[in-house]
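The values are calculated or read from the model by the stated rules, or taken from the named source; none is laboratory data. Worth saying up front: this structure is predicted, and the values here are computed from it rather than measured. Neighbour counts are summed over all protein chains in view; Cβ atoms, including those assigned to glycine, are modelled from backbone coordinates with ideal geometry. Just the protein is used for accessible areas: all its heavy atoms, side chains included, with ligands, DNA and RNA removed. Shrake-Rupley method; radii C 1.70, N 1.55, O 1.52, S 1.80 Å.
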Amino acid sequence: MKLQLCHVRIDAMCRLYEMYEHGPRTTAFMDQIDTALNLALGEKRAADNPNFLCRSLLRDARRTNRRSRDNSRAAAAGRPLADARHRRLVSYASDGAVNAELVSYITPEESVLADEIIQELNDYALTLGAHGTECLRGLIQGEPAAVTAERAGVSVATIDRARRSLREFTEKLIVPQS
């Protein structure tokens, strides 16, 4: 019985690979096939017919990708924006869903204040060394430390130290000292 289930799973995976080779070259389709193949590797996946298993895997892959996209959108709504001169207006729908809208109206005072803070951060980043400005740019863009380190040509530990220093400096700039 276990051998038959293994053959059914292998047959379904072969069909998915065939769909991958001969299907449309869209990103959504490729992601769906990739997710379906990952789901096929699960030990609890069982079916008597490879056609049913393949169809089930594709359906579950679509749901998984849609749920992942929705969750990442909701998570992004809670993160700070890369540009300090913009804000989000977050509200909740009646079903509990998060609605985040970009507030694009900026007062002149907000613009001047944000520009001053960014300029002071740039000046401070220059004191950290040649990698300081790359570190600040990576930090603002929200990229991983490893990517910033590779672009700057320094170690991840150096980027982590520079980021920690930039965060401490930012806190001193923004939070009034008593």
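Would you check if A130 is exposed (fewer than 13 other Cβ atoms within 10 Å of the Cβ), of a type in the set (A, V, I, L, M, F, W, C), modelled with pLDDT under 90 and farther than 30 Å from D70 by Cβ?
Answer is yes for this residue.
Among the residues in the range 152-160, are any assigned to a helix (DSSP H, G or I) and open to solvent by 100 Å² or more (accessible area, probe 1.4 Å)?
no
Given (1) aliphatic (A, V, I, L, M); (2) modelled with pLDDT of 75 or more; (3) open to solvent by less than 50 Å² (accessible area, probe 1.4 Å), where does A76 come up short, assuming only one miss?
Going through the list (1) aliphatic (A, V, I, L, M); (2) modelled with pLDDT of 75 or more; (3) open to solvent by less than 50 Å² (accessible area, probe 1.4 Å), A76 breaks only (2).
Please specify each residue of the range 25-67 satisfying the condition of being part of a loop (DSSP other than H, G, I, E, B), at pLDDT below 80 and either among the hydroxyl-bearing types (S, T, Y) or under 11 Å from M13 (Cα atoms) (or both).
Scanning the range 25-67 gives a single hit, L41.
Do the conditions hold for E120, that is, is it under 30 Å from G153 (Cβ atoms) and either modelled with pLDDT of 65 or more or loosely packed, with under 10 Cβ neighbours inside 10 Å (or both)? Give the steps one after another, and end with the answer.
Numbers: under 30 Å from G153 (Cβ atoms): yes; either modelled with pLDDT of 65 or more or loosely packed, with under 10 Cβ neighbours inside 10 Å (or both): yes.
Against the criterion (under 30 Å from G153 (Cβ atoms) and either modelled with pLDDT of 65 or more or loosely packed, with under 10 Cβ neighbours inside 10 Å (or both)), E120 qualifies.
All but one of (1) at pLDDT below 70; (2) out of contact with any helix residue (DSSP H, G or I) (no Cβ under 9 Å at 6 or more places or on another chain); (3) open to solvent by 60 Å² or more (accessible area, probe 1.4 Å); (4) in a loop (DSSP other than H, G, I, E, B) hold for R85, so report the exception by its number.
With respect to (1) at pLDDT below 70; (2) out of contact with any helix residue (DSSP H, G or I) (no Cβ under 9 Å at 6 or more places or on another chain); (3) open to solvent by 60 Å² or more (accessible area, probe 1.4 Å); (4) in a loop (DSSP other than H, G, I, E, B), R85 is out only on (2).
Report whether or not R167 is in contact with a helix residue (DSSP H, G or I) (Cβ under 9 Å, 6 or more places away or on another chain), in a helix (DSSP H, G or I) and open to solvent by 80 Å² or more (accessible area, probe 1.4 Å).
On the way: in contact with a helix residue (DSSP H, G or I) (Cβ under 9 Å, 6 or more places away or on another chain): yes; in a helix (DSSP H, G or I): yes; open to solvent by 80 Å² or more (accessible area, probe 1.4 Å): yes.
Spelling it out, R167 is indeed in contact with a helix residue (DSSP H, G or I) (Cβ under 9 Å, 6 or more places away or on another chain), in a helix (DSSP H, G or I) and open to solvent by 80 Å² or more (accessible area, probe 1.4 Å).
If I filter the range 4-36 down to residues being of a type in the set (F, W, Y) and touching a helix residue (DSSP H, G or I) at 6+ places or on another chain (Cβ under 8 Å), which single residue comes out as surrounded by the most Cβ atoms within 10 Å (Cβ to Cβ)?
Narrowing the range 4-36 to residues of a type in the set (F, W, Y): 17, 20, 29.
Those still in the list that are touching a helix residue (DSSP H, G or I) at 6+ places or on another chain (Cβ under 8 Å) too: 17, 20.
Working: Y17: 12, Y20: 16.
Applying the filter and picking the extreme gives Y20.
In the set A125, A114, which member is assigned to a helix (DSSP H, G or I), farther than 28 Å from A75 by Cα and hydrophobic (A, V, I, L, M, F, W, C)?
Residue meeting the stated conditions: A125.
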